[in-house]
1. HN-Hα J couplings of region 154-167 from phi, Karplus 6.51/-1.76/1.60, θ = phi - 60°, integer Hz, Gly and Pro as x?
2. In whole angstrom, how far apart do the alpha carbon centroids of region 58-79 and region 292-316 sit?
3. Give me Val350, Val101 sorted ascending by neighbouring Cβ count inside 10 Å, so fewest comes first.
4. Is region 13-265 best put as rounded, prolate or oblate by its Cα gyration tensor, with a ≥ b ≥ c the root eigenvalues, rounded for a/c under 1.5, and otherwise prolate when a/b is larger than b/c, oblate when not?
5. 5 Å is the cut-off here: which amide hydrogens, built 1.01 Å from N in the peptide plane, fall below it relative to Glu367, excluding neighbours closer than 5 in sequence?
6. For the chain, what does -39500 (n - 2.57) per DSSP helix run (n ≥ 4), summed and divided by total residues, give at 222 nm, in deg cm²/dmol to the nearest 500?
7. Exposure proxy check: Leu300, Leu72 ranked by fewest other beta carbons within 10 Å?
8. With a cut-off of 8 Å between alpha carbons and a minimum separation of six or more residues, what is the relative contact order of region 1-111 in percent?
Amino acid sequence: MNAPASGGAPTSHLYIHVPFCVRKCRYCAFYSVEAADEGLMDRFVTCVATELGSRRGPALETVYLGGGTPSLLGAARIARLLDAVRERSPVSSTCEVTLEVNPETIDRAGLQACRSAGVNRVSIGIQSFVDSNLEWLGRIHDAHRGRQAVEDSLSLGLRTSIDLIYGLPGQSVRAWEEELVNASGCGTDHISAYELTWEPGTPLYRERVQEGRATVGGRIVRRSMGERFFFATHETLERLGFEGYEVSSFARRTQDRSRHNLATWAHRPYRGVGPAAHSYVVDGSGHRRTWNRPELAAWLEALERGARPPADSELLSPEQLLMERVMLGLRCREGIDLEACRAECGETAVERLLERASAMCAAGAVELRGRSPGDRASVRVVPTLKGMALADRLALELCD
Ligand code: SF4
């Protein structure tokens, strides 16, 4: 820990963290600061270009502008960011370039300008199609603005994903299912559906927990209701023509899946720039996770004087690698890639894992699937829907 982050080993996946929001939503634990002024956002864009460095990188397969609220930067700054990326790495027309959008911060003309700058996919933070839910969550937009953003994005030919949140206090499973029908009806290609959690440090946590209006053990996840919502989400969206390819991710067609997220879940190296951005690097020293500290002022100050931004890093042990692969694999329909586990963690660890997975088959939590019967080398441990609902717990049991 506390070693400086890498200047950036070459990878094909780039994440840029844009740490600005108009106002903090009550539930949000992502790193961002409120009410960025124009000058600060200009400095941010310049410093991203500096952090990217001058070294030529390999062709990029995905670029993801997340946050925060990247759409708050405006199309001109987003174009500058993407120009800086292209100056350093080839970005072909097949590269997936995603922009996270808050519906209140961009209109059709802005989306069109972002498309001209190279964005080809947007992830819109809709969260709900019910105004009272949006108000309760502290969102700055209403349902009408949300629908409008989806319509604008689709009409411009952008691949379009929406984020939704379930498990609000008082929300019934039936009301949530109606939200999913509305979401499907708006024509989006992709839906990410997350359970509301009370994260320490958020206004929601302070209001609900510190004032004694809820009981918590660090983090509230109402398990039993959560599972009912989880199964209702998968069943409803599959009926509406979406494939649940990950615990929270649903695509109409295979090509609508998020390639950036798939790469991260498959444990492929990626580079993150911007305050609070994480990277996963595989180089001569091993498998390493590095992260810029969540401090915008320090990040700007360091890059403006030509230094590396404050960061930490951790070298992953074979046990940690195995646990990460298993956890991520159990969240995805593709399951756990045992060939990769074997290469990173050794035959003994994989044999032990397979033994435990075989025992879980009887309980209907996972299945073992190979390329052909008896082909043990190609076997993947694939979660059933029941297994996906219990992914974290099963991962602990498999790696214990
Ligand atoms: S807009 Fe997104 S990143 Fe910003 S506070 Fe709300 S949830 Fe968090």
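Where a number appears in this text, it was derived from the coordinates with a stated rule and is not lab data. In this text the structure is predicted, and so the values were computed from the model without any measurement. Virtual Cβ from ideal backbone geometry, glycine too; neighbours counted across all protein chains shown.
1. 5, 5, 8, x, 7, 5, 10, 10, 10, 9, 10, 10, 10, x
2. So the separation of the two Cα centres works out to 19 Å.
3. Val350, Val101
4. Because a/c hits 1.5 or more and a/b exceeds b/c, region 13-265 counts as prolate.
5. Here the answer is Val382, Thr384, since their amide H atoms fall under 5 Å of that of Glu367.
6. Mean residue ellipticity at 222 nm (helix-derived): -12000 deg cm²/dmol.
7. Fewest to most other Cβ atoms nearby, the residues stand as Leu300, Leu72.
8. The normalised contact order for region 1-111 reaches 32 percent.
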